[in-house]
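Asks: Supplied in structure tokens, the structure appears directly below.
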Amino acid sequence: MSERRIRVLIGKPGLDGHDRGAKTVASVLRDHGMEVIYTGLHQTPAMIAEAAAQEDVDVVGLSILSGAHMQLFPKIRDELTSRGKGDVLLVGGGIIPHDDIDALEADGFAKLFGPGTKTTDIANWIEEEMKTRFEKEGDEV
Amino acid sequence: MSTVEKTSSDPRALWEEALRGAKLRDVDFTTLSGEELKVIYTAEDASFSERDDLGMPGQFPYTRGVHPTMYRGRLWTMRQFAGFGSAAQTNERFKFLLANGQTGLSVAFDFPTLMGHDSDEEISLGEVGQVGVAISSLADMETLFEGIPMGEVSTSMTINGPAPILLAFYIAAAERQGVPPEKIRGTVQNDILKEYQAQHAWLVAPEPALRMITDMMAYCSDHAPQWNTISISGYHIREAGSTAAQELAFTLANGMEYVRRGIAAGLDVDEFAPRLSFFFDSHLDFFEEICKFRAARRIWARKMRDEFGAKNPKSWMVRFHTQTAGVSLTAQQPENNIVRTAYQALAAVLGGTQSLHTNSMDETLSLPTEKAVKIALRTQQILAEETGVANVIDPLAGSYFVEEQTDRLEEQAEAYFKEIEERGGVVPSIESGFFQSEIHRSALKYQRAVEAGTKRVVGVNSYVEEGEGQPEIDIHRIDPSVESDQHERLAALRGSRDSAAVESALAAVREACRGDANLQERFVAAAHASCTLGEIAQVLREEFGEFKEPKIL
């Protein structure tokens, strides 16, 4: 039985150089058997969406600690949609106040993970979510 | 020990016997950096010599402190890092801090400024004024210091890639206040090597960046002798996930690289080395941190005197700023962060810091509120005035444990210096991703330990409060109008300045990039001509090329 591997893009939008979280999550997701592509730093919304489309990923995870999430996250969502990747599982994390988490989760983001979240919880959550999606698509998981 | 009878009166033997049968708590007794520790340290562990390893404060190798009087002469400078929104808003916060007894200023810039972009560039979208103040021109710098006498206050500016340009704005703003460069006091972080390793706010590739630094060192030794040209920083290396030993080793390795570059550029080591200062993290592991500070002083003194031939004792001294560990703060039960910060501040003071920033409890959620900042500042004031820790110099010296761990950190740092050298030096080790991989590995190891529960974090994997909702503390938000106001200010500036003067100042910068004229002088002239940060930085990017980060995963 072949198992479809979950493909993930971890993106660092904006000018913020704090990549400890992004790299840690990328490594942990890889340990969980996912295929992970890390964009590197200082990416524009278009660059991230372009990479997601080219790599044909199932999940886009964004990390931001600069406070620009309310500007950049919706832009990335729009850029993904315009490239036909609007259905990607879109998640994020960083220094994001609770009100903003609520707003983003009501606006196309599946889940935002705050500081102190276990990375294994992130991995498990993505696995569960993708399992449901793959099953709907009729793929073997 | 088998020869010792149970009836022995030897205390050590008796203790070991008692320990053998004793039940110990089933927890991880390693340091925060994962170092194994003995149950107890004795004279057998600490082989320090009073003369060679400790000395007296103010004397080589400065293990006990850089000043003969330390805090009896003068307390550490309480320097809270601040900056957000517009120059005018930060100017108000500075005045608030000065009015509350703060003794020096420390400027936090926003990401566009840190990366050498103007507020109105497309890439700056959403970032203007968010994590610091937006400074795009001399006019912004003048607003930032309006009503603050630049000849009297000492200012630290946390800026790296574009540091020479921001220093030029500062010099020009001081001149507009009638203060000559000779009179300004302060520091630019300007530590580009750790940017490639950890913090990632660079402007151009390492070699031209190092040339700009040596140009600044030369300029300041001629014109601004009270200005500290580099604050060699371990803070960001540590926050990115390194161990204490890595922070110590990489920081000092970077410091030695700057010294080599200065000497290679024909500068006298004793001309510029006294203007180098350091910046460390004070993390959670109390004793390990104190030992790190003590080891830093001793290593640097030995290197500067014995390897680089510095003759001036000021060249041998590690004078350092400390910030408590932002990464140790938790979003859960945020008031607990006040306590964490207080212990970290105590470690910094027992380690002999020259200045200190204490983090605010709310920084995992947003920039700090005024109330949170005040508590953080009061934490230092309580430490200084109520606890008595400032009464005696280096009070932990001679502790077997402290001396052994100071030696241990020095040995670990030496092993890293050797490895870096074998890898061709600091710049090649940056280009190959060596530092970045080491830091990432340590960060991952720690994260796994927290998730496995072997390293405890109160509120996160220990004493978790079930059903914890949103923390009931205020959030400091940046008004989005800051960004549009900055656009208007810049548009007005571009419309009103002498464009011929701008063009010729930028051309002079370009010419200096291609030749060997001192760039710092050209930056100051460009600042006076109202060239913007982004315009000057663009010339540098075009002439010097940009840095591509090596992929490490």
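Asks: Can you give me the ranges of the helices (runs of 4 or more DSSP H) entirely in the stretch B:444-553 with at least 1 residues that are over 30 Å from the mean Cα position of the chain (by Cα)?
Replies: Ranges flagged: B:481-496, B:499-514.
Asks: Here's something else I'd like to know. For the stretch B:102-115, what are the residues that are touching a helix residue (DSSP H, G or I) at 6+ places or on another chain (Cβ under 6 Å) and either facing chain A (nearest Cβ under 9 Å) or surrounded by fewer than 24 Cβ atoms within 10 Å (Cβ to Cβ) (or both)?
Replies: Scanning the stretch B:102-115 gives a single hit, B:PRO112.
Asks: Among the residues of the stretch B:261-275, is any within 14 Å of chain A (Cβ to nearest Cβ), touching a helix residue (DSSP H, G or I) at 6+ places or on another chain (Cβ under 8 Å) and without any contact (Cβ under 8 Å) to a residue 60 or more places away in the chain?
Replies: No, the stretch B:261-275 contains no residue that is within 14 Å of chain A (Cβ to nearest Cβ), touching a helix residue (DSSP H, G or I) at 6+ places or on another chain (Cβ under 8 Å) and without any contact (Cβ under 8 Å) to a residue 60 or more places away in the chain.
Asks: Within the stretch B:525-553, which residues are modelled with pLDDT under 95, over 14 Å from B:GLY116 (Cβ atoms) and open to solvent by 60 Å² or more (accessible area, probe 1.4 Å)?
Replies: Passing the criteria: B:LYS548, B:LYS551.
Asks: Something else now. Applying the selection to the stretch B:165-197, what residues are touching an Asp or Glu at 6+ places or on another chain (Cβ under 7 Å) and not basic (Lys, Arg)?
Replies: The answer is B:ALA173, B:LEU193.
Asks: Would you tally the residues in the stretch B:71-101 being over 20 Å from B:THR379 (Cα atoms) and outside any loop (DSSP other than H, G, I, E, B)?
Replies: Here the count works out to 8.
Asks: For the stretch A:1-49, which positions are part of a helix (DSSP H, G or I) and either free of Cβ contacts under 8 Å to residues at least 12 places away in the same chain or over 14 Å from the mean Cα position of the chain (by Cα) (or both)?
Replies: A:ARG20, A:SER27, A:ARG30, A:ASP31, A:ALA46, A:MET47
Asks: Right, here's the next one. Which of the residues that make up the stretch A:58-77 are within 13 Å of chain B (Cβ to nearest Cβ) and either surrounded by fewer than 22 Cβ atoms within 10 Å (Cβ to Cβ) or outside any strand (DSSP E or B) (or both)?
Replies: Within the stretch A:58-77, A:LEU65, A:SER66, A:GLY67, A:ALA68, A:HIS69, A:MET70, A:GLN71, A:LEU72, A:PHE73, A:PRO74, A:LYS75, A:ILE76 qualify.
Asks: Let me ask something else. State whether the residues of the stretch B:167-182 include one that is modelled with pLDDT under 95 and away from chain A (no Cβ under 14 Å).
Replies: Within the stretch B:167-182, not a single residue is modelled with pLDDT under 95 and away from chain A (no Cβ under 14 Å).
Asks: Same structure, new question: Within the stretch A:39-57, work out how many residues are within 13 Å of chain B (Cβ to nearest Cβ) and out of contact with any helix residue (DSSP H, G or I) (no Cβ under 6 Å at 6 or more places or on another chain).
Replies: Counting residues in the stretch A:39-57 that are within 13 Å of chain B (Cβ to nearest Cβ) and out of contact with any helix residue (DSSP H, G or I) (no Cβ under 6 Å at 6 or more places or on another chain) gives 6.
Asks: Answer yes if at least one residue in the stretch B:412-427 is assigned to a helix (DSSP H, G or I), of a type in the set (S, T, N, Q) and either open to solvent by less than 40 Å² (accessible area, probe 1.4 Å) or facing chain A (nearest Cβ under 10 Å) (or both), and no otherwise.
Replies: Within the stretch B:412-427, none of the residues are assigned to a helix (DSSP H, G or I), of a type in the set (S, T, N, Q) and either open to solvent by less than 40 Å² (accessible area, probe 1.4 Å) or facing chain A (nearest Cβ under 10 Å) (or both).
Asks: In the stretch A:95-115, what residues are more than 9 Å from every other protein chain (Cβ to nearest Cβ), open to solvent by 20 Å² or more (accessible area, probe 1.4 Å) and not in a helix (DSSP H, G or I)?
Replies: Those that are more than 9 Å from every other protein chain (Cβ to nearest Cβ), open to solvent by 20 Å² or more (accessible area, probe 1.4 Å) and not in a helix (DSSP H, G or I): A:ALA106, A:ASP107, A:GLY108, A:ALA110, A:LYS111, A:PHE113.
Asks: If you don't mind, another one. How about the stretch A:90-103: which of its residues are at pLDDT 95 or above and under 13 Å from the mean Cα position of the chain (by Cα)?
Replies: Correct list: A:LEU90, A:VAL91, A:GLY92, A:GLY93.
The values are calculated or read from the model by the stated rules, or taken from the named source; none is laboratory data. Since the structure is predicted, the reported quantities are computational estimates derived from the model, not experimental observations. Quick reminder, even Gly has a Cβ in these numbers, built from the backbone with ideal geometry, and neighbours come from all protein chains shown. Please note that ligands, DNA and RNA were not included when accessible areas were found on the heavy atoms of the full protein model with its side chains. Shrake-Rupley method; radii C 1.70, N 1.55, O 1.52, S 1.80 Å.
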